[in-house]
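Please read the structure below before turning to the comments.
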Amino acid sequence: MKKRNLLVVLAIATTMLLVACGGNKPKNDAAANSEKTATEASNLIVGFVTDEGGINDASFNQGVYEGIGQAESELGIKRVYKESADANDYLPNFESMLDENANMVVGAGFKMGDIIEQVAKQNPDVKYAIVDHSPSEPIDNLLGITFRAQEPSFLVGYIAGRTTETNKVGFVGGQEGTLIGAFEYGFRAGVDYAAKELGKEIETAVQYVGGFTDAQKGKAIATQMYQQGADVVFHAAGGAGDGVIEAAKEADKWVIGVDRDQSEAAPENVLTSAMKNANVAVYKVIKELVENNKFEGGTTIELGLKDEGAVGIAPTSDKNVKPEVLKAVKDVEEKIVKGELTVPGDKESYEAAK
């Protein structure tokens, strides 16, 4: 009888021990990983340094800012930022991110490329990303994020060519260089493609502002283009492009926005916009870091039409672009994605393709 009681006691004790041990074990690996991810995300501070446009430029900076904001709301990171009034603010603004204890810092624009390379080398424990710039050398903690800007520019150029009634269109660039050159030559190639398809000649006027902030100069250039017969003008001029949009409103002509869907600025005059979705790219990079602890420092990623959501035309294009033109655009886009159509991104490749 005593032996039986002893066995019962041992059985109860063993069961209690198993239950106790089981209580300390995570329910499953997914739950453990989820808890770990949440902890890591809550500790991740992502800083952002704008160029001269600021976070409300309705263009590139705003896109980056919103991408980090999306990561804040969906992934639990903390967002901090500094706006730059001019290039002299770049270095102190990047240094201020260290005071904010940022683990990752994003810069926007090729103009700050040299500064962010310098800062990244000085702070190897901080992860850096630069949008619209390919670092001059591999730096382990610096990631370059670039876009094939010529591809969405080709699409809006094609739309401009299929829309113009005067057979004259225009391009207003910010600062001459490789980056804005991709917009120019992609656009010009798209116009030419449409002209060839229609069997006619379409003239493309080109002029640069010399910077990205002088809206009055942008307006003056566009106004002159409209007065000389252009009825569609594409700008890739940052804040100076606000003036181009204003000129389109006053002349009651078409304008094509850039980087973001700029239809809100002039719903009756913005034909479409060539979008480089910096928000999509930046969010993707942060998500990879938070969920997979993956950061491709020392490399540059290049995003184009084949990368869903990275570039394209504005979703509001169906408001002002003719349905048959939008249908044709989809066919052209498919050819680019499949590699059947190569879009030039500089003068040399543009001239070679003519």
Against the longest alpha carbon principal axis of the chain, how many degrees, from 0 to 90 and to the nearest 10, is the axis of helix 29-42 turned? 60 degrees
Would you mind getting me the FRET efficiency between Lys327 and Asn167? Use the beta-carbon distance for r and R0 = 25 Å, nearest 0.05. 0.65
Rounded, prolate or oblate: pick one for region 221-276, where a ≥ b ≥ c are the square roots of the eigenvalues of its C-alpha gyration tensor, a/c under 1.5 means rounded, and failing that, prolate if a/b is larger than b/c, else oblate. prolate
Taking all protein chains in place and a 1.4 Å probe, what share, in percent, of the accessible surface of the chain do carbon and sulfur account for? 48 percent
Hey, could you get me the Stokes-Einstein D for region 213-349, Kirkwood radius over alpha-carbon pairs, 10 °C and 1.306 mPa s, rounded to whole µm² s⁻¹? 94 µm²/s
Under-5 Å amide H pairs with Gly170, H placed in peptide plane, nonlocal only: Ala205, Val232, Val233, Phe234
Once both axes come from the Cα atoms, what is the angle between helix 215-227 and the longest principal axis of the chain, in degrees from 0 to 90, rounded to 10? 40 degrees
Output for region 72-104: GluC sites (Glu not before Pro) sitting in coil per DSSP, at most 16 other Cβ within 10 Å, listed by number, reads Glu100
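Starting from the Cα gyration tensor of region 174-237, take the square roots of the eigenvalues, sort them a ≥ b ≥ c, and report rounded, prolate or oblate (rounded when a/c is under 1.5, otherwise prolate if a/b is larger than b/c, else oblate). Provide the component values of the computation, followed by the final result.
Working: a/c = 3.46, a/b = 1.44, b/c = 2.40.
Oblate.
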Estimated distance in nm for a label pair at Thr178 and Lys294, the labels positioned 7 Å out from Cα along Cα-to-Cβ: 2.6 nm
Note, ³J(HN,Hα) from phi for region 108-121, Karplus 6.51, -1.76, 1.60, rounded to Hz, x at Gly and Pro: 10, x, 5, 5, 9, x, 5, 5, 5, 5, 4, 5, 4, 5
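Report the FRET efficiency, 1/(1 + (r/R0)^6), for Ala205 and Glu268, where r is their Cβ-Cβ distance and R0 is 22 Å, rounded to 0.05. Let's see the in-between values first.
Details: r = 23 Å, r/R0 = 1.04.
That pair, Ala205 with Glu268, gives E of 0.45.
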Whole-Hz ³J(HN,Hα) for each residue in region 159-167, computed from phi via Karplus 6.51 cos²θ - 1.76 cosθ + 1.60 with θ = phi - 60°, x for glycine and proline: what do you get? 5, 4, x, 7, 9, 4, 9, 9, 6
If amide hydrogens are placed 1.01 Å from N in the peptide plane, which non-local residues have theirs closer than 5 Å to the one on Tyr81? Phe48
For region 180-190, take each phi angle, set θ = phi - 60°, evaluate the Karplus expression 6.51 cos²θ - 1.76 cosθ + 1.60, and give the result in whole Hz per residue in order, putting x for glycine and proline. 6, x, 5, 5, 4, 6, x, 5, 4, 5, x
For His133, His235, give the ranking by accessible area with the largest first, probe 1.4 Å. His133, His235
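What length, rounded to one decimal in nm, is gained on full extension from Asn56 through to Ser136, with 0.36 nm per residue of separation minus their alpha-carbon distance?
Numbers: separation 80, 0.36 × 80 = 28.80 nm, distance 2.92 nm.
Contour length minus Cα-Cα distance gives 25.9 nm.
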Expressed in square angstrom to the nearest 10, the accessible area of Asp242 with a 1.4 Å probe stands at 70 Å²
For the chain, the per residue accessible area (1.4 Å probe, Å²) is 49 Å²
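Normalised by the number of residues in region 179-241, what is the relative contact order in percent for Cα pairs under 8 Å and 6+ residues apart?
On the way: 42 pairs, mean separation 21.4, N = 63.
In percent, rounded to a whole number, it is 34.
As a check on your grasp of the helix formula, calculate [θ] at 222 nm for the chain: sum -39500 (n - 2.57) over DSSP H runs of n ≥ 4, divide by the residue count, round to the nearest 500. Numbers along the way, then the final one.
Working: 12 runs with 169 residues, N = 354.
Computed mean residue ellipticity for the chain: -15500 deg cm²/dmol.
In percent, how large is the relative contact order of region 69-138, given Cα pairs closer than 8 Å and 6 or more residues apart? If you can, show how the numbers build up before the last one.
Values: 66 pairs, mean separation 19.1, N = 70.
Averaging sequence separation for qualifying contacts and normalising by length gives 27 percent for region 69-138.
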Would you mind telling me the antiparallel percentage of the DSSP bridges in the chain, rounded to 5? 5 percent
May I ask you to derive the relative contact order of the chain, considering only C-alpha pairs under 8 Å and at least 6 residues apart, and to give it as an integer percent? 17 percent
Additional length obtainable on full extension of the chain from Leu91 to Leu198, 0.36 nm per residue less Cα span: 33.5 nm
Check Val258: other-chain or 5+ apart residues with amide H under 5 Å from its amide H, H built from backbone geometry? Ala274
Theoretical gain in end-to-end length, Gln118 to Asp252 [0.36 nm per residue, Cα-Cα removed]: 43.6 nm
Long pairs among Lys168/Lys338; Lys200/Lys335; Lys78/Lys335; Lys78/Lys253, criterion Cα-Cα beyond 32 Å: Lys78/Lys335; Lys78/Lys253
Within region 106-200, report the GluC sites (Glu not before Pro) that DSSP leaves as loop and that have at most 15 other Cβ atoms within 10 Å. Glu165, Glu176
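The values are calculated or read from the model by the stated rules, or taken from the named source; none is laboratory data. Being a predicted model, the structure only gives us computed values, none of them experimental. Note that we place each Cβ from the backbone using ideal geometry, even for glycine, and neighbour counts take in every protein chain shown. Accessible surface is based on the protein model in full, side chains and every heavy atom, while ligands, DNA and RNA are left aside. Shrake-Rupley method; radii C 1.70, N 1.55, O 1.52, S 1.80 Å.
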